[in-house]
Amino acid sequence: MQLQRYKAKVSKIRYILISHLHGDHFFGLIGLLNTMSLNGREQELHLFAPPDLSDVITTQLRCSRTVLNFPIRFHPLESGWHGVIIETNLLTVATIPMEHGVPCFGFLFREKEKLRRINKEVMPSTLTVADILALKEGKDLYYPDGSLQYKNESLTLPPRKSRSYAYCSDTRYNENIIPYIQGVDLLYHETTFMKDQEERAWARYHSTTTQAATLAQKAGVQKLLIGHYSSRYKELEPLLQEAQAVFSPTQLAIEGQTYIIEEL
Ligand SMILES: [Zn+2]
Ligand SMILES: [Zn+2]
């Protein structure tokens with residue numbers, strides 16, 4: 001329902017990543033799978049989640065006598081594991097082990113190195129498509145006799161920045177993840193509680209505003225996005241202020257909003 005509300009193209013989804021098996025993170029999944037099937041989807045769907053999800057989905061489909069139109073490729077994530085789960089032409093996705101009392105994963109999205117950009121202001125009109133591709137890949141251009149025609153740097157500009165985003169929910173404060181999230185452009189970290197609830201946060205395997213901001217600071221990330229607020233908080237501004245007191249480039253994650261990571 002939320003995907004529809006925010007006009008996300010459900011048919012374009014190829015991968016679904018489930019961090020852990022608490023209800024607020026996966027109870028909507030069976031409805032989404034059902035909708036995809038009713039919409040005529042035939043393309044395979046990759047599902048990454050802790051191993052028990054496979055049983056849950058199989059049971060739900062069996063008891064509701066539902067046969068999906070499309071195959072699901074299930075990828076079980078073994079507790080505590082860090083590694084690359086998805087690799088496309090554009091990016092890689094890796095798991096980050098979370099500390100949440102049940103098997104739980106964050107996900108690290110990293111764009112691959114991009115091609116160099118053609119400097120249109122100095123580009124000769126005689127270049128072929130093959131020449132342009134070679135330049136984008138960082139190669140120099142040569143005449144048929146093997147002598148140098150153009151040095152790459154004379155016709156190209158450096159590639160655009162490869163961006164990175166770490167999604168960390170749900171988890172206790174855990175400095176062991178710092179090596180994985182070091183220097184990312186954007187860190188999403190849960191802040192279920194404010195700092196006066198630190199004991200409660202620890203007991204329930206959640207984090208506070210101050211803890212998330214401290215982790216962002218120690219990991220040298222560019223920006224922090226906080227979310228997964230306890231329903232006890234009717235106003236979110238105080239949570240933002242607490243986090244910003246430790247790490248000023250912090251924003252509130254608000255459902256339905258888009259957050260852009262600049263490319264340059
Ligand atoms: Zn949870
Ligand atoms: Zn949760």
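The values are calculated or read from the model by the stated rules, or taken from the named source; none is laboratory data. Since we're looking at a predicted model, the values are computed, not measured. FYI the Cβ positions are ideal-geometry reconstructions off the backbone, even for glycines, and counts take in every protein chain you see.
A few points about this structure:
- Selection over region 35-51 of residues that are surrounded by 13 or more Cβ atoms within 10 Å (Cβ to Cβ) and either touching a Pro at 6+ places or on another chain (Cβ under 7 Å) or farther than 14 Å from Ile13 by Cβ (or both) gives a count of 3.
- Contact map, region 17-32: first residue of a type in the set (Val, Ile, Thr), second residue within 12 Å of ligand 1 (Cβ to nearest atom) and assigned to a loop (DSSP other than H, G, I, E, B), Cβ cut-off under 9 Å, separation 6 or more or different chains; pairs are Ile18/Pro50.
- Residues in region 184-210 that are under 16 Å from Tyr167 (Cα atoms) and either more than 16 Å from ligand 1 (Cβ to nearest atom) or assigned by TED's automatic domain parsing to the domain that holds Leu21 (or both): Val184, Asp185, Leu186, Leu187, Thr209.
- Matching residues in region 1-18 - criterion: being under 22 Å from Ser169 (Cβ atoms), away from ligand 2 (no atom under 16 Å from the Cβ) and not in a helix (DSSP H, G or I): Met1, Tyr6, Ala8, Ile13, Arg14, Tyr15, Ile16
- Annotation: of all residues in region 113-155 being free of Cβ contacts under 8 Å to residues at least 12 places away in the same chain and charged (D, E, K, R), the one that is farthest from Glu263 (Cα to Cα) is Asp145.
- Subset of region 110-122 that is assigned to a loop (DSSP other than H, G, I, E, B) and of a type in the set (A, V, I, L, M) - its residue that is modelled with the highest pLDDT: Leu115
- Residues that are closer than 30 Å to Arg163 by Cα and free of Cβ contacts under 8 Å to residues at least 12 places away in the same chain do not occur anywhere in region 46-57.
- Matching option when the condition is in contact with a helix residue (DSSP H, G or I) (Cβ under 9 Å, 6 or more places away or on another chain), within 16 Å of ligand 1 (Cβ to nearest atom) and not assigned by TED's automatic domain parsing to the domain that holds Gln257, among Leu68, Leu45, Leu21, Leu17: Leu21
- Residues of region 135-178 classified as of a type in the set (A, V, I, L, M, F, W, C) and within 30 Å of His22 (Cα to Cα), total: 4
- Wholly enclosed helices (runs of 4 or more DSSP H) of region 19-109 bearing at least 1 residues more than 16 Å from ligand 2 (Cβ to nearest atom) and in contact with a strand residue (DSSP E or B) (Cβ under 8 Å, 6 or more places away or on another chain): 29-38, 53-63
- Any chance Leu127 is surrounded by 13 or more Cβ atoms within 10 Å (Cβ to Cβ) and either outside the structural domain of Met1 (by TED's automatic domain parsing) or within 16 Å of ligand 1 (Cβ to nearest atom) (or both): yes
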